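The block underneath contains the structure these notes are about, expressed in structure tokens.
The values are calculated or read from the model by the stated rules, or taken from the named source; none is laboratory data. Note that the structure is a prediction, hence the values are computed from the model and not measured. Virtual Cβ from ideal backbone geometry, glycine too; neighbours counted across all protein chains shown. Ligands, DNA and RNA are excluded from the accessible area calculation, which covers all protein heavy atoms including side chains. Shrake-Rupley method; radii C 1.70, N 1.55, O 1.52, S 1.80 Å.
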Amino acid sequence: MELYIGLDVSLKLTSICVVNQSGAIVQEGVVDSDPEAIAAFVRSKAPGTVRIGLETGPTTTWLWTELRRLGLPVICIDARHAKAVLKMQINKSDRNDAAGIARIMQTGWFKEVRVKDLDSHAVKALLVSRALLVKIKRDLENQVRGLLKNLGLVIGRATFNVFVTRAEELIKGRSEVVAAVGPLLKARKAIEQQLDDLDHKVLMLARHDAQVRRFMTAPGVGPITALCFKATIDDPARFRRSRSVGAYVGLTTRRHASGELDWSGRISKCGDAMLRMYLFEAAGVLLTRVPKWSALKAWGTRLTKRNGLRKAKVAVARKLAVILHRMWIDGTEFNWSKQEVAA
């Protein structure tokens, strides 16, 4: 007899419901939110399980990976689909939610969600931590600039260690200012040290990854953008067409169509905001700093003359995402072209 299981997972306990082909409940239980405990329940109470439903949530990646490793046919379903079904239940409880997910598995009316592997999540966590430290460092610098500007002291344009040197020169001999600005400069120094360590780890990851090095052959794409693209996409086979990656990252226009209206708006900004920002920055570097000519640069230059630099950056960022995906599928490097041919 074919059986279907629904899991309603919380931080400590997991409600499990087993239904048969007709949707009738044949087993129920509550176990610890531990993959071994869930696997033991399934193997003892429901040996003929065909599908196990797991709703997307904070612990989904870890639990899905561990249950798959234990050989269970677990499927991660879209939370929006699950909520659309479960909200129609009369009595809202973990037990009823597990039964509802089990019946979704039994009917097959669900959309399976692709779960990224733990390595991709580890790389993304590293990049997120780095981005947060960059923001904190920038906020500290802006706070120091604001405090000194109120006293008529202007740091001006300063980067790296020049900022600290310039700030210390301005506050020298002013004890009341040192008391306010000194701790901020010390905090900035500590943040800068941690940033250097993270940058070193990012460079080591990029250096030992052949695919990331191939991404970096594209103009404007550095180790951070390349690592972020690989960690976000995770598996290039997810997309049947490379141009779908642009929509996945949120770099395609929103379209509104009805019986009387049909217009295209700004980009959708769906998907991962960090990858979208890095691709936009890479497009800006390609259009303004990279001297070497390519068909992509020629296309972006024409867009700049016609629509302006900002819109050209968005368009080039979208095309760059498509090109990186195709490079990944084909296992090739960026295809440069001569200026005479591209123009």
| said: Is it the case, given these coordinates, that residue 202 is in contact (Cβ under 8 Å) with a residue 60 or more places away in the chain and open to solvent by less than 60 Å² (accessible area, probe 1.4 Å)? | reply: yes
| task | Tell me, please, whether a residue that is in a helix (DSSP H, G or I), modelled with pLDDT under 95 and among the basic types (Lys, Arg) can be found in the range 222-233. | result | no
| Restricting the first residue to the range 214-229 and requiring it to be more than 18 Å from residue 201 (Cβ to Cβ) and of a type in the set (Val, Ile, Thr), which pairs with a second residue that is outside any helix (DSSP H, G or I) and open to solvent by less than 30 Å² (accessible area, probe 1.4 Å) meet a Cβ separation below 6 Å and a spacing of at least six or different chains? | 217/334
| Subset of the range 262-294 [open to solvent by 70 Å² or more (accessible area, probe 1.4 Å), in a helix (DSSP H, G or I) and over 20 Å from residue 234 (Cα atoms)] | 281, 288
| Of the residues 130, 114, 188, 138, which is open to solvent by less than 30 Å² (accessible area, probe 1.4 Å), closer than 29 Å to residue 205 by Cβ and charged (D, E, K, R)? | 188
| remark: Taking the range 154-173 and keeping only residues that are in contact (Cβ under 8 Å) with a residue 12 or more places away in the chain and out of contact with any Lys or Arg (no Cβ under 9 Å at 6 or more places or on another chain), one is left with 168, 170, 171
| note | Screening 103, 130 for residues that are touching a strand residue (DSSP E or B) at 6+ places or on another chain (Cβ under 8 Å) and basic (Lys, Arg) leaves only 103
| field | Residues (touching a residue at least 12 places away in the same chain (Cβ under 8 Å) and of a type in the set (D, E, K, R)) located in the range 290-325 | value | 292, 297, 313, 318, 319
| field | Considering residues of the range 234-261 that are aliphatic (A, V, I, L, M) and in a loop (DSSP other than H, G, I, E, B) only, the residue least open to solvent (accessible area, probe 1.4 Å) | value | 251
| What are the residues in the range 1-12 that are surrounded by 15 or more Cβ atoms within 10 Å (Cβ to Cβ) and of a type outside the set (Asp, Glu), if any? | 3, 4, 5, 6, 7, 9
| request: Could you tell me which residue of the range 50-107 is surrounded by the most Cβ atoms within 10 Å (Cβ to Cβ), considering only residues that are free of Cβ contacts under 8 Å to residues at least 12 places away in the same chain and of a type in the set (A, V, I, L, M)? | output: 84
| Just to be sure, is residue 225 open to solvent by less than 40 Å² (accessible area, probe 1.4 Å), polar (S, T, N, Q) and within 19 Å of the chain's Cα centre (by Cα)? | yes
| field | Among (1) under 17 Å from residue 109 (Cβ atoms); (2) at pLDDT 90 or above - the single one residue 56 does not satisfy | value | (2)
| message | Considering only residues that are at pLDDT 90 or above and open to solvent by less than 80 Å² (accessible area, probe 1.4 Å), which ones fall in the range 157-178? | response | 163, 164, 165, 167, 170, 171, 177, 178
